[in-house]
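**Student:** Got a structure for you, written out below as structure tokens; questions coming shortly.
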Amino acid sequence: MKSKICRFIIVSLVVAASLMTSCVSQKKVLMLQNERMLDSISSVEYVNKRSFSYKVQPGDNLYIRVSSMDKNFSSFFNQTNTNTSSYGSGSNSSGNASIYLNGFTVSDEGQIDFPYAGKIYVKDLTIEEIQKKIQTIIGEYQKETIVYVKLGVFNLTILGEVSKPGQYQVYQSDINIFQALSLAGNPTDFADRANVKIVHQTTEGSQVVRVNINDADILSNENYYLKPNDIIYVEPLSIKRWGFTSVPYSLIISMISLGVTLFTFFMVTINK
């Protein structure tokens with residue numbers, strides 16, 4: 001009987017130990033870790049020589065404005081209306097959303113339909129190349145004009161171990177991976193921050209890269225800044241199958257209490 005009691009105690013300890021080891025360590029949760037900062041109070045600089053050379057693809061939205069001394073001339077290009085037109089899905093809305101609503105969506109054929117100029121092929125051109133192309137066309141009608149072109153909206157898809165997975169539209173010229181993850185409510189406790197996948201859409205297909213947001217060196221990584229239509233997939237930790245994100249003290253205490261109770265019961269039974 002005593003041997004059975006010993007085996008029971010050993011099994012209980014093993015179960016408790018396994019529960020303890022199934023907790024997520026702080027090292028897997030903390031972002032922007034860097035050993036160089038542990039022994040120094042000075043700041044660390046991370047250089048990221050980023051060049052935004054994204055090439056426009058079908059489905060992208062372009063914000064185009066024409067500035068001219070002739071107000072009537074520029075207002076023709078910059079007009080907004082309440083009906084969807086071939087050169088701008090109009091609305092009187094204001095703010096960032098109006099950039100999308102009054103922008104020019106690139107068609108499946110890679111074109112935009114622009115006043116006077118008609119259809120302009122912009123697929124696989126950078127924003128700077130599109131600006132120069134439209135500037136040349138508009139210059140044939142009015143010499144003293146300036147054309148402004150911006151990418152109207154980022155489309156990002158964020159999946160996996162985040163609080164709010166889904167598709168997001170970003171109304172700014174660029175965005176980094178931390179800003180994107182914050183839109184989705186940040187990674188969950190089960191997120192494998194050391195293996196975050198980014199799927200870039202290219203002219204030849206899709207490119208998958210992995211980044212480690214636990215490491216502060218991500219700040220100088222070429223994939224720190226995202227591209228339009230990127231897909232971010234945050235993988236789950238293998239520990240997720242245990243279902244514990246922190247030490248289950250209450251469960252461990254309950255098991256120990258149960259073990260003590262059973263041990264006491266067996267001892268009383270033996271003594272009888």
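Coordinate-derived values only; no laboratory data. Everything numeric in this text was worked out from a predicted model, so none of it was measured. Heads up, the Cβs are rebuilt from the backbone with ideal geometry, glycines too, and the neighbour counts pull from every protein chain shown.
**Student:** Taking a threshold of 25 Å on the Cα-Cα distance, which of the pairs Lys55/Lys119; Lys123/Lys227; Lys71/Lys123; Lys123/Lys164; Lys71/Lys133; Lys119/Lys197 fall above it?
**Tutor:** Going by Cα-Cα distance, Lys71/Lys123; Lys123/Lys164; Lys119/Lys197 fall outside the 25 Å limit.
**Student:** Name the GluC sites (Glu not before Pro) in segment 140-225 that are in a loop by DSSP and that have at most 12 other C-beta atoms within 10 Å, would you?
**Tutor:** In loop regions of segment 140-225 (DSSP not H, G, I, E or B), the sparsely surrounded GluC sites (Glu not before Pro) are Glu140, Glu144, Glu204, Glu222.
**Student:** For segment 115-194, which trypsin sites (Lys or Arg not before Pro) are in a loop by DSSP, counting at most 16 other Cβ atoms within 10 Å?
**Tutor:** Answer by residue number: Lys143.
**Student:** Could you give the C-alpha radius of gyration of segment 96-199 expressed as a fraction of 2.2 N^0.38 Å, taking N as the number of residues it contains?
**Tutor:** The value comes to 1.42.
**Student:** Could you give log10 I(q)/I(0) at q = 0.19 Å⁻¹ for segment 153-222, computed by the Debye formula over C-alpha point scatterers of equal weight, without solvent?
**Tutor:** Per q value, in the given order, log10 I(q)/I(0) is -0.84.
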